[in-house]
Amino acid sequence: MKQQFFIRIFALVLLASMAISTFSQTYPKREMRAFWIATVENIDWPSAKGLTTDQQKAEMIELLDQVKAWNMNAVVFQIRPDADALYDSKLEPWSEWLSGKQGVAPDPYYDPLAFTVAECRKRGLDIHVWLNPYRAVQNVEKSVPAPNHVANTHPEWMLTYGKKRYFDPGIPEVRNHVAHVVSDLVRRYDIDAIHFDDYFYPYREANQEFPDQNSFAAYSNGFASDKKDDWRRNNVDLIIKQLHDSIKSIRPTVEFGISPFGVWKNNSTDPAGSATKAGVTNYDDLYADILLWQKEGWIDYVTPQLYWYIGKTVADYAILADWWSKNTYGCQLYIGQAPFLINEKSLEPAWQTPDEIIKQIKLNRSIPAISGSVFFSAKSLKKNPLGIKENLLQEMYKYPALTPPNPRVEAVPPATPLNPKIHKKRKKIELSWENGENSRMFVIYKTGKKSSMNIENPENIYTVTSDKSLVIESNKKTKTSRFKYAVTAISPSHHESAAVIFGAKK
């Protein structure tokens, strides 16, 4: 009898642990959920050149409110698309995508990046700032660089290729300039990460060779004439290493992330590559050796852009997600996904419903090395193609989630919030607390009065904010007297403190 009793107890414990595991996989507490906000060509924000300051602010607030409403927790904000600035910079001119004319500051003046950082923090959102390292002039036929733009102050650094002008990656002063820009950002703004996308050496133009023969002759660094491709890759390696060192010397908790094209190499050219048939690869065409940067610890996270569906012949999302998960070398892995492709008229049936994105997230969560998703782009927040928002909230993003700490970033432990107070009124309660050491944001948890306060259950997350007070309104269905609340602190390294319960007896 005793043996049967213990077998039953063991079975119940096993089932309970399996249920907890299944719940945590279906609704993880820690998961990157971000949207790219593209500013080049006014893709996402601002919606047009020449909007007033108030219009620009209103559009950003609307975007960030939508990010929060989708149960997302971060944005990747493009603030340097063309060697320009969507922030107050002494190094590069104001972007044309704001006023319509490069070099013209917002009027009335405001700093769009400082404004966006503050608005993100209010909503408990992380902010990664997205820069393009080498693109300098978007269109040589239409763009008019400001007098202080690098194309005018240092024309010797510039190369024209196709309809764009680029920095020459082979020139050492170019690397120093980009590192100076990045260092300035890290010093002055409360950001979570520096983020570069897939544009290193430009995508190939038909029947045109990238015209860097002069810098190869001047700065060959010992590479033979038949090793120009290796020289180009080394140029990009050098800037990635320099940027990593610059960031970490100023603020070690700021992450450095890369969002590369989705294929490193095809296995037809290298057995270590993925089982794909991509016409472009990072290694051979963009001269970006992502795996080396991961191995050397030069980047903290990687977000390959897997803008294909599960089962696509030349580039299968499932094959690539698995390949990247096996080639992280300890680097944090998020996946770049493509809600912008959802369209009932798509020629690819997989994109004719929102189901493909749901399948991809389920697949991501089944692979332990994948820590979340970044979606292109913020236009989808407004358009909500075929109701993807409702599908996500019902199936995958039912509860909020916190951004995960990065194992490559030194942990900064936050102190528990101090002096928690709860003030109850007839139709609302007011919560307040004080900063402990190393606090950037705070998580408010809510649970039933008679339930235990389990902060590992994302269902109990009420909100995340940088404020140190919160007013909660009551109604007939959610009387505040039926619940109890707790608060924790989140540090700049995304680590969480112990919880303190409001109104608990000391």
With θ set to phi - 60°, apply the Karplus curve 6.51 cos²θ - 1.76 cosθ + 1.60 along the stretch 44-49 and write out the HN-Hα couplings as whole Hz, x wherever there is a Gly or Pro.
10, 7, x, 5, 7, 5
By Cβ neighbour count within 10 Å, fewest first, Arg187, Arg121 rank Arg187, Arg121
Under 16 Å between alpha carbons, and skipping anything fewer than 8 positions from Lys142 in its own chain: which lysines qualify?
Lys49, Lys101, Lys163, Lys164
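Please state, as a whole number in µm²/s, the translational diffusion coefficient that the Stokes-Einstein equation yields for the stretch 180-279 at 4 °C and 1.567 mPa s, with Rh defined as the Kirkwood radius across alpha carbon pairs.
Value of D from the Cα-based Kirkwood radius: 80 µm²/s.
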Say the dipole of the stretch 142-260 comes from +1 at the beta carbon of Lys and Arg and -1 at that of Asp and Glu; which of Phe216, Ile250, Asn234 then lies farthest toward its positive end?
Ile250
Once both labels are modelled 7 Å past Cα along the beta-carbon direction, what's the Ala118-His180 spacing in nm?
2.9 nm
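State the Kirkwood hydrodynamic radius of the stretch 189-244 in Å, one decimal place, computed from all pairs of distinct Cα atoms. Could the numbers behind the result be given before it?
Values: mean 1/r = 0.0744 Å⁻¹.
About 13.4 Å for the stretch 189-244.
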Taking Val75, Val182, Val500 and counting other C-beta atoms within 10 Å, the order from fewest to most:
Val500, Val182, Val75
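Note down the magnitude of the dipole of the chain about its Cα centre, charges +1 on Lys and Arg C-beta and -1 on Asp and Glu C-beta and zero elsewhere, to the nearest 20 debye. Walk me through the intermediate numbers first.
On the way: 63 positive and 57 negative charges, 687 e Å.
The dipole of the chain has a size of about 3300 debye.
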For the stretch 448-459, in residue order, the Karplus 3J(HN,Hα) values (coefficients 6.51, -1.76, 1.60; θ = phi - 60°; whole Hz; Gly and Pro = x) are x, 4, 9, 8, 6, 8, 9, 7, 7, 8, x, 4
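Count the net charge of all other residues whose Cβ sits under 15 Å from the Cβ of Glu62, scoring Lys and Arg as +1 and Asp and Glu as -1.
Details: positive: Lys57, Lys68, Lys122, Arg123, Lys379, Lys382, Lys383, Lys389; negative: Asp44, Asp54, Glu59, Asp65, Glu119.
Once positives and negatives cancel, what remains is +3.
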When Phe376, Phe115 are ordered from fewest to most other Cβ atoms inside 10 Å of their Cβ, what list results?
Phe115, Phe376
Compactness of the chain as Cα Rg over 2.2 N^0.38 Å, two decimals:
1.04
Out-of-range pairs (alpha-carbon distance over 26 Å; input Lys57/Lys345; Lys68/Lys383; Lys362/Lys382)
Lys57/Lys345
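Would you compute, from DSSP H runs of 4+ residues alone, the mean residue ellipticity of the chain at 222 nm, taking -39500 (n - 2.57) per run and dividing by the full residue count, rounded to the nearest 500? Working shown, then result.
Working: 13 runs with 143 residues, N = 506.
Estimated from H runs of four or more residues: -8500 deg cm²/dmol.
The numbers here are math on the coordinates, done by the rules we state, and not lab data. All values derive from a computational prediction rather than experimental measurement. A quick note on method: Cβ atoms are made from the backbone with ideal geometry, for glycine too, and the neighbour counts reach across all protein chains shown.
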